[in-house]
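Everything on this sheet refers to the single structure shown next.
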Amino acid sequence: LMKEKPVFGTSKCAQVGILVHNMEKSVQAYAAFLGVDVPAICQTGEYEEARTHSKGRPTRARCRQAFFYYNDLQVELIEPDKEPSVWRQALDEKGEGIHHIAFQIENMEETIRLGESLGMKFLQRGRWNGGHYAYLDASSTLHCVVELLENGDFDL
């Protein structure tokens, strides 16, 4: 049986992102379930640093995050603020639960175009100190959002 090359050039899922209403309660539950220490809770940067754009428009949206490591899979808990974002919209419309699966990629712009050519809608992008991300809506085929992660120093 011949297997095709993975669409985004990687066969490794880097992260699963989970939306939560209450970060403090959720980090306790995940730490107990995974048998690990409670991680630090951090917050995404202000707009001037993160350059977050959601649905084509700049947004001051931020979220609180906590990261767990389960072998080489990162589990990200996300508690969004009230500003417009795909996180806030998904939490309001669908409630808590899995938001995205993420893949480490190279060449963000080319990979976004590839996803769009496959029917995935570009939703949101931003950066952190050390890289940038983009969300693509793959709900019609994969039933979730796909996050693209690229390390490096990028201007948005």
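Taking a quarter of the surface of the Cα convex hull of the chain gives a mean projected area of 10.1 nm². Averaging 1/r over each pair of different alpha-carbon atoms in the stretch 81-156 and inverting the result gives 13.0 Å, the Kirkwood hydrodynamic radius. Counted residue by residue at 0.36 nm each, then reduced by the alpha carbon distance between them, the extension gain from THR10 to GLU110 reaches 34.6 nm.
3J(HN,Hα) couplings calculated from phi for the stretch 99-112 with the Karplus curve 6.51 cos²θ - 1.76 cosθ + 1.60 (θ = phi - 60°) are, in sequence order, 9, 8, 10, 10, 10, 6, 10, 10, 6, 4, 4, 5, 5, 4 Hz; Gly and Pro show x. Measuring nothing but how far apart in sequence close Cα pairs (under 8 Å, 6+ apart) lie, relative to its length, the chain scores a relative contact order of 25 percent. Considering the options THR44, TRP128, HIS99, tell which one lies farthest towards the positive end of the dipole of the chain, charges being +1 on Lys and Arg and -1 on Asp and Glu at the Cβ, about the Cα centre. With unit charges placed on the Cβ atoms, the residue in question is HIS99.
Summing Cβ point charges (Lys, Arg +1; Asp, Glu -1) relative to the Cα centre of the chain gives a dipole of roughly 340 debye. Taken about its Cα centre, the stretch 1-65 carries a charge dipole of roughly 340 debye when the Cβ of each Lys and Arg holds +1 and the Cβ of each Asp and Glu holds -1.
Per residue, the stretch 1-87 exposes an accessible area of 63 Å² to a 1.4 Å probe, with every protein chain left in place. With a simple spin-label model that places each label point 7 Å from the Cα along the Cα-to-Cβ direction, the separation between LYS94 and GLU46 comes to 3.2 nm. Across the accessible surface of the chain, with the other protein chains kept in place and a 1.4 Å probe, carbon and sulfur atoms take up 51 percent.
Every helix of 4 or more DSSP H residues in the chain counts as -39500 (n - 2.57), and over all residues that averages to -6500 deg cm²/dmol at 222 nm.
The values are calculated or read from the model by the stated rules, or taken from the named source; none is laboratory data. Fair warning: this is a prediction, and the values are worked out from it, not measured in the lab. Cβ coordinates were reconstructed from backbone atoms using ideal geometry, including for glycine residues, and neighbour counts include every protein chain displayed. These area figures cover heavy atoms from the full protein model, side chains too; ligands, DNA and RNA do not enter into them. Shrake-Rupley method; radii C 1.70, N 1.55, O 1.52, S 1.80 Å.
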